[in-house]
Amino acid sequence: MLTALILICSLADTPNLADCSRDNARHVVWVPETFNNPITCFMHGQAYIADTTLGRNLGSDERVRVLCMPKRTTALSDESAVADRRALRR
């Protein structure tokens, strides 16, 4: 099972989007769903962030990077996931 990690990075900080990571991203968002297929994971990750205020209000120097990774590697507690979803809906 895969889950999507969405990173929003500044081109000023990381001109090469491949260098965008959890450590240097301006925003880090976990998609609360799991997927069997990497392509499905990627597409749902894009759709998830596009449906948030954060995704609709990207700065001109910000870029989105979607990473799909096995669910077991995501060290995000349920409490943090709820807080992230609340922050995105503001």
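Of note:
- Couplings for region 43-53, taken from phi via the Karplus curve 6.51 cos²θ - 1.76 cosθ + 1.60 with θ = phi - 60°, read 5, 5, x, 4, 5, 4, 6, 5, 8, 10, 4 Hz in order; Gly and Pro are left as x.
- In this simple spin-label model, placing a label point 7 Å from the Cα along the Cα-to-Cβ direction at both D19 and R56 gives a separation of 3.3 nm.
- Order by protection proxy (mean Cβ within 10 Å, highest first), peptides 32-39, 64-71: 64-71, 32-39
Throughout, read-outs are computed from the coordinates displayed, never taken from laboratory work. This is a predicted model, so every value here is computed, not measured. Every residue, glycine as well, gets a Cβ built from its backbone with ideal geometry; the counts of neighbours run over all protein chains shown.
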